Structures are given as structure tokens and as C-alpha cells.
1. Among the residues of the stretch 177-207, write down those that are part of a loop (DSSP other than H, G, I, E, B), in contact (Cβ under 8 Å) with a residue 40 or more places away in the chain and more than 25 Å from Ser150 (Cβ to Cβ).
2. Test Gly224 against the stated conditions and say whether it is surrounded by fewer than 19 Cβ atoms within 10 Å (Cβ to Cβ), of a type outside the set (Val, Ile, Thr), at positive phi and assigned by TED's automatic domain parsing to the domain that holds Leu265.
3. Run Thr204 past the list (1) within 35 Å of the chain's Cα centre (by Cα); (2) loosely packed, with under 15 Cβ neighbours inside 10 Å; (3) modelled with pLDDT of 95 or more and report the number of the one that doesn't hold.
4. Would you point out the residue of the stretch 109-126, among those that are surrounded by fewer than 20 Cβ atoms within 10 Å (Cβ to Cβ) and touching a Phe, Trp or Tyr at 6+ places or on another chain (Cβ under 7 Å), that is farthest from Gly271 (Cα to Cα)?
5. What are the pairs with Cβ atoms under 8 angstrom where one residue, in the stretch 104-120, is more than 13 Å from Ala288 (Cα to Cα) and the other, located anywhere, is of a type in the set (A, V, I, L, M) and assigned to a helix (DSSP H, G or I)? Sequence gap at least six, or different chains.
6. Just give me the residues in the stretch 42-73 being exposed (fewer than 14 other Cβ atoms within 10 Å of the Cβ), of a type in the set (Val, Ile, Thr) and closer than 20 Å to Phe18 by Cβ, in sequence order.
7. Which one of these is assigned by TED's automatic domain parsing to the domain that holds Ala219, at pLDDT 95 or above, among the aliphatic types (A, V, I, L, M) and assigned to a helix (DSSP H, G or I): Ala294, Ala240, Ala288?
8. Quick check on Val233: is it in a strand (DSSP E or B), crowded, with 17+ Cβ neighbours inside 10 Å and either in contact with a strand residue (DSSP E or B) (Cβ under 7 Å, 6 or more places away or on another chain) or touching a residue at least 60 places away in the same chain (Cβ under 8 Å) (or both)?
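The values are calculated or read from the model by the stated rules, or taken from the named source; none is laboratory data. Computed from a prediction, not measured in an experiment: that's the story for all the values here. Every residue, glycine among them, receives a Cβ derived from its backbone with ideal geometry; neighbour counts consider all protein chains shown.
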Amino acid sequence: MNLRHMRYFIAVAEELSFTQAALRLHIAQPPLSQQIRQLEEELGVTLFQRTKRHVQLTDAGQVFYIHAKQILRATDVAALEAQRAERGEIGRLSVGFFEHMSYTLLPPIYRAFCERFPDVEVVLRWFPVVDQADALLRGDVDIAFMRPTSQFDGISTETLLTEPFVLAIPEHHPLASQDSVALSQCATERFVLYAPKLAPDFHTMIYRLCAEAGFTPNAALEVGQIYACLGLVSSGVGLALVPSSVQRIHLEHLTYRPIQGQMPLVKVMLGWRSSNTSPLLQSFIDTAKEVMTAFEHERL
């Protein structure tokens, strides 16, 4: 017994005519009659009472009709859901993120993806930026926001954003009155810096920038998260270099200024295990890229 048998049976059961059922199925009547006889032999029951003028379902045929319809409906649903899964429209996707993604890139990307694919269950998991690659390789997440803080062996990436640092300054600091600031003007200032174990890329880039400007930064404090950094700057603890996209965050007593000269660019990527070929990944990547295109237009 196969699905074709069931479809043929249902057509005859609904038409109560082998001739009409054959027309509906676009097949000749003799093969249809043969298929129904094979089905009855396999089931060991009589499904139809046949006369020269009438075809009628038997009691066994009526019961089989109810269940055959349910099976075909379930099969159609299964096929549709499989096709949707193939297109990356349903399923479960685990997304890793680090701290400042939660108030810059993640919200618009998450909203857009959930609106476009409401039947995908999105699970968000936070990890420090230095742990994102390991979380991917362990299988803790399917895809993750990343910065180049570690080796990416076995991980494929897609760059979402490249942006410069800007200077976060206490609102009433003398440098806040300028349209832009030369980093050399900050030689005597205290800085809120990033702990090398938690943000090695930022730590290295900032020390290199300051060295090129002719000084070593005077560390008031080292932190692991940008939001903590901004809070300390707004308190007057010191200045800080932060990615440009962080300017979306407005705190009292805090302002941002561009830095004069050529700045190295901070990179944010999406990463996933190279062996993971789930269509959901591509759906998320495509959505993220579209959102970032709009994000770039906003900045311009």
C-alpha cells in the first residue's frame, strides 16, 4: 500500500464512480480498477460494493476513507513543512552575542528576522566576545556575532560592519567643546580601558593608537564591557575609545566626538561552523546583511 493507492481510493470514494474518478485522476479506468483491487487484496477487506449501475462504500471502506484522508492531509503538511525547512523558514536557531551587540546590531536584526520568519524559534545566548568561537565549535550556538579575537579554524564568517573608534567624553570636559579631537590631545588624560583577557582586540588597537599619537594611555580602570565603560565615562572617571555604533546609546553627562586622522576599523562579523549547512543560517545572514545595509544608509 502506498500513497498513490490512497489517492486513487479517495477519488473513487468521493465520486462513487470509477469512470468519474478516472477522469479526475487523469488516468484510464482499467488501471484505476486494478489499483483498487490490489489495495483491497492487501488490506484483506472489501472497500466498495460494485454493481453495473452503482458504486458504494462498505462499512470497512467508510472507516478506511476517514483515516486515508487524515493520512494524506498529514503527508501534505509534512511535505509543506519540509519545504519550508529547506527554505529556512521554520526550525530552531541559537544565536550567540556579546555585550554591546545587545544595544547596537542585535535588536534590529533580531526584530527583522522574527518578523520575516515568525515560525523559527530564535534562542539568544550571551557569551563574552572572547568565547564566541569556542561556543560555536562546542555547538552551544548555531551562529554568533564575533570580533577577531581568536583563531577561526573550522568557522566561516560574514563581515557585517566595519567602523572606527570615537572618543567618549564626560559632557563638561574641555575636549567636549571641540567638533573633533586629535588623540595626541589626550596624552595627559585618564582612560577607561578594556581588559586584555576580555577584549584583546580592543586593548591592542587602543594601545597601538596611543603609541602612534606619542603616549601610553594612563589607565584609570580596565573593564570588560562597553556599557560599563560608558557609565564610568559619564561619571567623569576618564575618557574612552568606543566603536562608532555605540553612539546610539545616550547617557546623561556623556558625549561622543570623532577622532582626527585615519582610524583603524573595528570589525563585527557573523560566524558559524563551516560544517553547518542549515538553511536557517543563510536566512539569518541574509536578513542581517539587509538590516546592515539600512543601518549604513542611516549613518550616511
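1. Keep residues of the stretch 177-207 that are part of a loop (DSSP other than H, G, I, E, B), which gives 178-180, 182, 187-189, 195-199.
Applying the additional criterion that residues be in contact (Cβ under 8 Å) with a residue 40 or more places away in the chain yields 178-180, 182, 189, 197-199.
Once the filter is applied, which keeps residues that are part of a loop (DSSP other than H, G, I, E, B), in contact (Cβ under 8 Å) with a residue 40 or more places away in the chain and more than 25 Å from Ser150 (Cβ to Cβ), the stretch 177-207 yields Gln178, Asp179, Ser180, Ala182, Glu189.
2. Working: surrounded by fewer than 19 Cβ atoms within 10 Å (Cβ to Cβ): yes; of a type outside the set (Val, Ile, Thr): yes; at positive phi: no; assigned by TED's automatic domain parsing to the domain that holds Leu265: yes.
No.
3. The one condition Thr204 does not meet is (3).
4. This residue is Val122.
5. Matching pairs, first to second residue: Val120/Leu280.
6. Thr46, Thr51
7. Values: Ala294 fails: at pLDDT 95 or above; Ala240 fails: assigned to a helix (DSSP H, G or I).
Result of the check over Ala294, Ala240, Ala288: Ala288.
8. On the way: in a strand (DSSP E or B): no; crowded, with 17+ Cβ neighbours inside 10 Å: yes; either in contact with a strand residue (DSSP E or B) (Cβ under 7 Å, 6 or more places away or on another chain) or touching a residue at least 60 places away in the same chain (Cβ under 8 Å) (or both): yes.
Criteria not met by Val233.
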